[in-house]
Amino acid sequence: MKTKITITAALTLAITLTACSIIPKPVADPTRYYVLAAPAKWRELPSPVEGSKMLPPLSAATAPVVGLRAVTLPAYLTGVKSIAVRQGRNEIIYRDYDRWAEPLDDAIFRLVRDRLLATGAASAVDPLPGAPARTCDLTIRILEAEGVFADANTPATIRFTAEYELKTPEGARLTGTRTFTAPSAAWDGKDYAAFAARLSAAVTALADDIAKNLPTTK
């Protein structure tokens with residue numbers, strides 16, 4: 001009887017040890033999430049520039065109220081949380097473990113709005129429809145907002161290009177379609193926190209370009 005108990009205990013121990021070796025150890029989630037963010041000292045940034053001349057902030061009485069009609073993305077970025085990086089001319093790689101913490105169009109909307117308000121270029125920036133009485137309507141179309149991996153001929157970079165248009169609330173054109181391309185930003189192809197910071201700077205520069213073309217109120 002004692003021998004049977006000993007054998008049973010040994011078998012139970014062996015089964016338990018085998019089960020423990022089969023169950024994998026927990027692994028930390030490698031996914032990282034990033035946001036577009038303004039510099040810590042946002043209001044110490046320069047006001048929008050026109051050539052080499054600094055534009056002073058407008059007063060609340062003359063700064064326009066902007067209705068931000070839309071920020072649209074190219075189809076390959078729409079609804080995608082993974083950061084996109086171009087490999088060669090035609091291949092897009094989505095980084096499964098490096099993602100935006102919010103939709104990219106929402107992030108660009110937020111950063112453009114905050115920059116226009118912080119520099120005094122606009123007295124209010126409201127989404128449409130539903131915005132109150134406003135001076136002009138703004139539409140932004142993103143053409144590219146991605147990293148580019150290095151190849152034999154070029155280093156890794158970050159690209160950002162957008163089109164925007166300003167109209168009166170009645171639909172009359174104020175600017176026509178304008179194209180903004182941020183200077184190509186160097187990047188090591190690995191540091192996605194640096195990627196997010198450089199793209200934030202590019203969106204900030206877009207907001208400054210928009211500010212130069214905003215109408216003033218009378």
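Here are the numbers for this structure:
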read-out	value
Evaluation of A133 against (1) within 24 Å of K81 (Cβ to Cβ); (2) surrounded by fewer than 17 Cβ atoms within 10 Å (Cβ to Cβ) (one fails), failing number	(1)
Pick from segment 174-216, criterion assigned to a strand (DSSP E or B) and modelled with pLDDT under 95, ranking: farthest from V71 (Cα to Cα)	A186
Filter pass, E165 being at pLDDT 90 or above, within 22 Å of A38 (Cβ to Cβ) and among the acidic types (D, E)	no
L17 at pLDDT below 90, outside any loop (DSSP other than H, G, I, E, B) and of a type outside the set (S, T, N, Q)	yes
Matching option when the condition is part of a strand (DSSP E or B), touching a Gly at 6+ places or on another chain (Cβ under 8 Å) and at pLDDT 70 or above, among I92, I83	I83
Any hit, segment 108-118, residues being assigned to a loop (DSSP other than H, G, I, E, B) and without any contact (Cβ under 8 Å) to a residue 60 or more places away in the chain	no
Cβ pairs under 9 Å, 6+ apart, first in segment 193-217 and closer than 13 Å to P183 by Cα and without any contact (Cβ under 8 Å) to a residue 24 or more places away in the chain, second surrounded by fewer than 22 Cβ atoms within 10 Å (Cβ to Cβ) and not hydroxyl-bearing (S, T, Y)	A201/P39; A201/A182; A201/A185
Residues (of a type in the set (V, I, T) and within 30 Å of V65 (Cβ to Cβ)) located in segment 79-126	I108, V112, T119, V125
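Results for (1) out of contact with any Ser or Thr (no Cβ under 7 Å at 6 or more places or on another chain); (2) aromatic (F, W, Y); (3) at pLDDT below 95, shown as yes or no for each residue.
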site	(1), (2), (3)
R134	yes, no, yes
V148	no, no, yes
P155	yes, no, yes
T161	no, no, no
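The values are calculated or read from the model by the stated rules, or taken from the named source; none is laboratory data. Bear in mind that the values here come from a model prediction, so they are computed numbers and not experimental data. Cβ: placed from backbone, ideal geometry, glycine included. Neighbour counts: every protein chain shown.
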